[in-house]
There are 4 protein chains.
Amino acid sequence: LNSAIKSGKVRAPTHIISTISDDRGEEPCYAGVPMSTIVEKGMGVGDVISLLWFKRSLPRYCTQFIEICVMLCADHGPCVSGAHNTIVTARAGKDLVSSLVSGLLTIGPRFGGAVDDAARYFKDAYDRKLSPYEFVEGMKKKGIRVPGIGHRIKRGDNRDKRVELLQLFARTHFPSTKYMEYAVEVETYTLSKANNLVMNVDGAIGTLFLDLLAGSGMFSKQEIDEIVSIGYLNGLFVLARSIGLIGHTFDQKRLKQPLYRHPWEDVLYTK
Amino acid sequence: LNSAIKSGKVRAPTHIISTISDDRGEEPCYAGVPMSTIVEKGMGVGDVISLLWFKRSLPRYCTQFIEICVMLCADHGPCVSGAHNTIVTARAGKDLVSSLVSGLLTIGPRFGGAVDDAARYFKDAYDRKLSPYEFVEGMKKKGIRVPGIGHRIKRGDNRDKRVELLQLFARTHFPSTKYMEYAVEVETYTLSKANNLVMNVDGAIGTLFLDLLAGSGMFSKQEIDEIVSIGYLNGLFVLARSIGLIGHTFDQKRLKQPLYRHPWEDVLYTK
Amino acid sequence: LNSAIKSGKVRAPTHIISTISDDRGEEPCYAGVPMSTIVEKGMGVGDVISLLWFKRSLPRYCTQFIEICVMLCADHGPCVSGAHNTIVTARAGKDLVSSLVSGLLTIGPRFGGAVDDAARYFKDAYDRKLSPYEFVEGMKKKGIRVPGIGHRIKRGDNRDKRVELLQLFARTHFPSTKYMEYAVEVETYTLSKANNLVMNVDGAIGTLFLDLLAGSGMFSKQEIDEIVSIGYLNGLFVLARSIGLIGHTFDQKRLKQPLYRHPWEDVLYTK
Amino acid sequence: LNSAIKSGKVRAPTHIISTISDDRGEEPCYAGVPMSTIVEKGMGVGDVISLLWFKRSLPRYCTQFIEICVMLCADHGPCVSGAHNTIVTARAGKDLVSSLVSGLLTIGPRFGGAVDDAARYFKDAYDRKLSPYEFVEGMKKKGIRVPGIGHRIKRGDNRDKRVELLQLFARTHFPSTKYMEYAVEVETYTLSKANNLVMNVDGAIGTLFLDLLAGSGMFSKQEIDEIVSIGYLNGLFVLARSIGLIGHTFDQKRLKQPLYRHPWEDVLYTK
Ligand SMILES: CC(C)(COP(=O)(O)OP(=O)(O)OC[C@H]1O[C@@H](n2cnc3c(N)ncnc32)[C@H](O)[C@@H]1OP(=O)(O)O)[C@@H](O)C(=O)NCCC(=O)NCCS
Ligand SMILES: CC(C)(COP(=O)(O)OP(=O)(O)OC[C@H]1O[C@@H](n2cnc3c(N)ncnc32)[C@H](O)[C@@H]1OP(=O)(O)O)[C@@H](O)C(=O)NCCC(=O)NCCS
Ligand SMILES: CC(C)(COP(=O)(O)OP(=O)(O)OC[C@H]1O[C@@H](n2cnc3c(N)ncnc32)[C@H](O)[C@@H]1OP(=O)(O)O)[C@@H](O)C(=O)NCCC(=O)NCCS
Ligand SMILES: CC(C)(COP(=O)(O)OP(=O)(O)OC[C@H]1O[C@@H](n2cnc3c(N)ncnc32)[C@H](O)[C@@H]1OP(=O)(O)O)[C@@H](O)C(=O)NCCC(=O)NCCS
């Protein structure tokens, strides 16, 4: 074999396969589109995400929706785990990448992870044609909170404005919002149980992304399943929150904050 | 003191200071702007970066320029250090955050770091009114390559299209492009030395960002120095490249690639 | 409540609980043992691991076994994912911590993760009194390879010397080696199926750690279950391999290796 | 050239060079020593560090000293930056590697970094034959605190026991302790200025490591300079502290601690 490769009869198998971009030509291409085309056509950040993550040019309303999600998830103050660890690392005098990364590593099941789960559970429930009652009570039996439902402060009579804005955008521009409307039905049911069980931002993004994938007509059923199972929405959150974490790093460096040490009095030393 | 704090006469000093965002109210604010305003006003990703990193609303041409930089730096193929480490980690079966982070950690002096250095050195040279000759030969004496100058493939008679697009955008929209024009003069001089010493993308972004900061009239001289010394442009590269690294992670997971092991034959084992 | 706290009648609840070490006194303590005692008593690295991870002083044969595991897992050459990413990051000119961390992030299900799984599956099988036949065939039905069994090069008539050394150490010093002897029985069965299905180092460490925990008489059944489910053995691998990854970082810096770029020819660019 | 390589006349240049370990044979070797030899000879963790970092077998007193350093630096309670970030990440439900890494990334100039600096400055001062007065006052003029000197709690009449233990060990086993004795002279001078300016653990480890390198007779002058400039002692701290950070991760998982959110009241939100 080896000599066949050398003699040119057989191509040496490569160790790496890559399909999203190509840097070998005159200028880099994202999913086949040269970078100059991207600039000349006035594409936006959402289009680039679309090319590099989904390997296709999505319609403008889709890439605009992606951009709105990035903006809404860009930051949530200095107290959440991610921002906090980034702040502590920046105050230890570390560089930008280390500070960012120390914060990113807290993103997971408990921080930032509800969007993908919302998409997964609502997709499953809708596709299996569960009634809101069956879905919610079924989750309760399994001891799982419905991801995308519930809010610390917001109530049935005082909705989250961001959810309303997302819904408004989608109802205006999306060909179909069936998954999100299903979530509204679920919300109607959960609100009948407790006043704080409103649809939250994670629920709105998660279900609207299902509508985006299904409604665009550009993804096969199998591709949608793959996207939901791999968890692209977590990628959206991670990318978005990087903007905030980088911002917090700059903020601490501007403020010349000293090394953080957690106060002894706030720790219970026990056995 | 402690009892004075408790009795409410004195505010307890806090351990953390933060100035870029606020999550205490009804909805999160970025630099004082509520998230719903951001969506309603049709702001873009560049505006959110502007609010969270620069704590002010920059004019549209500035935020558009920021978005173009993000798009141009989003990916550069699977072979560069960052993408490579991300691919290896994804193929080890690790989650998205770990894969992204393993790649981000390679960003630094040799990979992705030339933009800030270009800004620093060209700012210093221009502000000190060095002629291109003095600047370039001075760098040579110090044994430092001029960051932002030089390209593996591009030549004086075959410029990088992205550089041209950036220049075109800036000359059309920026009130002043003095730093970039200075870089063009420097390029004219370096091209007289060798045909590959053209202005590269890093040089174009670095000097045009100086023009953005100075030309917008929204930053004091001291603030500009701070931004250049902290290294905001590295943040731009890090954020941008995250799009590509996340894309490479999804790509490998879609392709179900197995554990990567570097081939023995490609390693020189020595003493 | 708040006023009760202020008046001193109730202690303010702390936000953090910690039980392994205490830095408030004259000198830090690990699980109650002052650091000077540790040095004076001639304790070793294994004893410190024992104090900080298990919160108790394990007998000498246990801490010696822990140290042997650390030594055996410290490195496995430059080609495995972890070392490779560390080398790439070091060659990008990044600092020691970034280089180490970029490599550590590849440790997981496919690289370094078999020890905990070996412990989990063999514990479950032994405790449920499965015969080797039932265990191995049951795993096959579930489509899971028996972790801790199998080797690329070693064969039934050419065992791995490290496995033999671990077995020798344990049979000499451990009060009981029942889990490991069970693994030997399993190995006898798998060897009857194929000549490469020998017990590997991961299998030896995983099952002997079960013997250590059960045989020392210092852990309750519930504590052992917790240790196995949390996955302490992965910690052992992570700590051990850090020695190698730090070594590879120093190595590349000594060798002054330039930026690594994966060769284009080794990548299959496709759709 | 390419065809010459193919025809076997020229060896293809490899892309990676590695010198510390070899995994190609029957069993992995560390700096030429097979792993079975390491176990059979009863080597310890310090010997493995010695092989993989220094590529030679150091005498027993050296590897024992390395082990003592690892033990002394293994943990320093839950309040320091590293442990804190690890705790926050573990409480976000992330895996062991992510939790460890989030904490490791805080290690740097302000946290854990004084040992290498102590070695650097004391080596320079001693080698240039500066008197303690010249050294300390010279540093003062440059506005740099002498690394390795100073303690929050300890005083001239209440030394740090760990420093005393390190000194005792070295004076008993090292052929020469000239760098450390020089640090004692420096301490005598600084104590005449202020009672808290005692030699601290970082100073003791940093200068004694210089004595280890110089006294062992196994390193050339150039090799010692390289070791000090690359910063091996930071590696020692990073490795050691990993034991503690892994311990804190296990601790939080055992305690089933929920997501950490920094208290709003402890943050000053300002402009
Ligand atoms: C968002 C959330 C953390 C808010 O929680 P909270 O205001 O602290 O609510 P509580 O935890 O006090 O819950 C109050 C009651 O509502 C129930 N509940 C809360 N969220 C629920 C949900 N998503 N589905 C079903 N029941 C829920 C709780 O079980 C609890 O009932 P109980 O007292 O009988 O046990 C919570 O609703 C939740 O976990 N939602 C799911 C995850 C999610 O979408 N997260 C995104 C956050 S932006
Ligand atoms: C981009 C770059 C790596 C391309 O390098 P290259 O095509 O491999 O060029 P070489 O390294 O072969 O250099 C060829 C000659 O040009 C010189 N040269 C290259 N870049 C130079 C620069 N930026 N300033 C001054 N001289 C430079 C080299 O010193 C060399 O001269 P020599 O043979 O007398 O030593 C290189 O130009 C560079 O380092 N530029 C500065 C950093 C930078 O802007 N990086 C951004 C990359 S997008
Ligand atoms: C170590 C290991 C990767 C070596 O694999 P390998 O030499 O490449 O063996 P192969 O993958 O070619 O397998 C050859 C056959 O043995 C079987 N086999 C290999 N390991 C097995 C195991 N642990 N249990 C059951 N069957 C196994 C395979 O299914 C295969 O049978 P098939 O051809 O009918 O499918 C493999 O044995 C394994 O995955 N073991 C379990 C994980 C483990 O312990 N890893 C630690 C590595 S140090
Ligand atoms: C360890 C250390 C942080 C303790 O600091 P501290 O007890 O808070 O001491 P302070 O910062 O209050 O300093 C008190 C005075 O001593 C001086 N001082 C403290 N450490 C000094 C040092 N290493 N060299 C010279 N002067 C020193 C300070 O400048 C200060 O003088 P000033 O009031 O005139 O400015 C400090 O001594 C230090 O930075 N040492 C060098 C770094 C080091 O070795 N760190 C290892 C820590 S284990």
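Nothing in this text is a laboratory measurement; each read-out follows from the coordinates by a stated rule. For clarity, every value in this text was computed on a predicted model and none was experimentally measured. FYI the Cβ positions are ideal-geometry reconstructions off the backbone, even for glycines, and counts take in every protein chain you see.
Listed here are the pairs C:55/C:123; C:94/C:253; A:94/D:161; which of them are more than 19 Å apart at the Cα? Walk me through the numbers on the way to the answer.
Values: C:55/C:123 23 Å; C:94/C:253 10 Å; A:94/D:161 31 Å.
In this structure, C:55/C:123; A:94/D:161 lie more than 19 Å apart at Cα.
What is the ratio of the Cα radius of gyration of the stretch D:174-264 to 2.2 N^0.38 Å, where N is its residue count, to two decimals? Intermediate results must be reported in sequence, preceding the final value.
Values: Rg = 19.4 Å, N = 91, 2.2 N^0.38 = 12.2 Å.
In units of the globular-protein estimate, the stretch D:174-264 measures up at 1.59.
Each residue of the stretch D:21-33 was assigned a 3J(HN,Hα) from its phi angle through the Karplus curve 6.51 cos²θ - 1.76 cosθ + 1.60 (θ = phi - 60°); the sequence is 8, 9, 10, 7, x, 4, 9, x, 10, 9, 6, x, 8 Hz, with glycine and proline shown as x.
Over the stretch A:51-127, what is the relative contact order in percent, taking alpha-carbon pairs closer than 8 angstrom and at least six residues apart?
Values: 31 pairs, mean separation 15.4, N = 77.
Result for the stretch A:51-127 is 20 percent.
Overall, the protein assembly as shown carries a charge dipole of about 0 debye about its Cα centre when +1 sits on the Cβ of Lys and Arg and -1 on the Cβ of Asp and Glu, all other atoms neutral. Listing B:33, B:201 from fewest to most neighbouring C-beta atoms within 10 Å gives B:33, B:201. Chain B holds its axis-closest Cβ, relative to the rotation onto D, at the residue and whole-Å distance B:98, 3. Coupling constants for the stretch C:82-91 follow from the phi torsions by the Karplus curve (6.51 cos²θ - 1.76 cosθ + 1.60, θ = phi - 60°), and in residue order they are x, 4, 4, 5, 4, 4, 4, 5, 4, 6 Hz; glycine and proline get x. Distance between the C-alpha centres of the stretch D:75-145 and the stretch B:151-226: 39 Å, rounded to the whole angstrom.
Which order do B:79, A:62 fall in if you start with the one that has the fewest other Cβ atoms within 10 Å?
On the way: B:79 19, A:62 22.
Listed from fewest to most nearby Cβ atoms, that is B:79, A:62.
Add +1 for every Lys or Arg and -1 for every Asp or Glu among the other residues with Cβ under 11 Å from the Cβ of residue B:244, and state the total. Once positives and negatives cancel, what remains is -2. Its Cα gyration tensor gives the stretch D:1-160 an equivalent ellipsoid. The semi-axes, each the square root of 5 times an eigenvalue, are 39, 25, 21 Å from largest down.
Sequence-distant contacts, meaning Cα pairs under 8 Å at least 6 residues apart, place the relative contact order of chain D at 25 percent. Between the residues A:115, A:103, A:200, the greatest Cα displacement towards the positive end of the dipole of chain A, with unit charges on the Cβ of Lys, Arg, Asp and Glu, is found for A:103. Using a ≥ b ≥ c from the Cα gyration tensor of the stretch C:97-242 (square roots of the eigenvalues), is it rounded, prolate or oblate, where a/c under 1.5 gives rounded and otherwise the larger of a/b and b/c decides, a/b for prolate? In terms of gyration-tensor shape, rounded.
Annotation: the protein assembly as shown has a Kirkwood hydrodynamic radius of 31.1 angstrom, from the mean reciprocal C-alpha pair distance.
What does the charge add up to near residue A:221, with Lys and Arg as +1, Asp and Glu as -1, over the other residues with Cβ less than 13 Å from its Cβ? Summing Lys/Arg as +1 and Asp/Glu as -1 gives -3. The helix-only estimate of mean residue ellipticity at 222 nm for the protein assembly as shown, built from DSSP H runs of length n ≥ 4 each weighted as -39500 (n - 2.57), is -18000 deg cm²/dmol after division by the residue total. What does the C-alpha gyration tensor say about the overall shape of chain C? Classify as rounded when a/c is under 1.5, otherwise prolate if a/b is larger than b/c, or oblate. Oblate, since a/c reaches 1.5 and b/c is not below a/b. Here's the list of lysines a cross-link from residue C:129 could span, going by alpha-carbon distance under 20 Å and ignoring same-chain residues fewer than 8 apart: C:140, C:141, C:142, C:178, C:221.
Computed from the alpha carbon atoms alone, the convex hull of the stretch B:6-87 holds 179 Å³ per residue.
Kirkwood's formula applied to the C-alpha pairs of the stretch C:52-138 gives a hydrodynamic radius of 16.1 angstrom.
Normalised by the number of residues in the stretch B:54-188, what is the relative contact order in percent for Cα pairs under 8 Å and 6+ residues apart?
Numbers: 62 pairs, mean separation 29.4, N = 135.
22 percent.
Karplus-derived 3J(HN,Hα) values for the stretch A:41-56, using 6.51 cos²θ - 1.76 cosθ + 1.60 with θ = phi - 60°, are 7, x, 5, x, 4, x, 5, 5, 4, 4, 5, 7, 9, 9, 6, 7 Hz; glycine and proline are entered as x. Counted by neighbouring Cβ atoms within 10 Å, the residues A:207, B:14 run from fewest to most as B:14, A:207. I want the local charge near residue D:77. Using Cβ-Cβ distances under 14 Å, sum +1 for each Lys or Arg and -1 for each Asp or Glu among the other residues. For residues surrounding residue D:77, the net value is -4. Put simply, the amide H of residue D:260, placed in the peptide plane, has neighbours under 5 Å in D:92, leaving out anything fewer than 5 places away on its chain.
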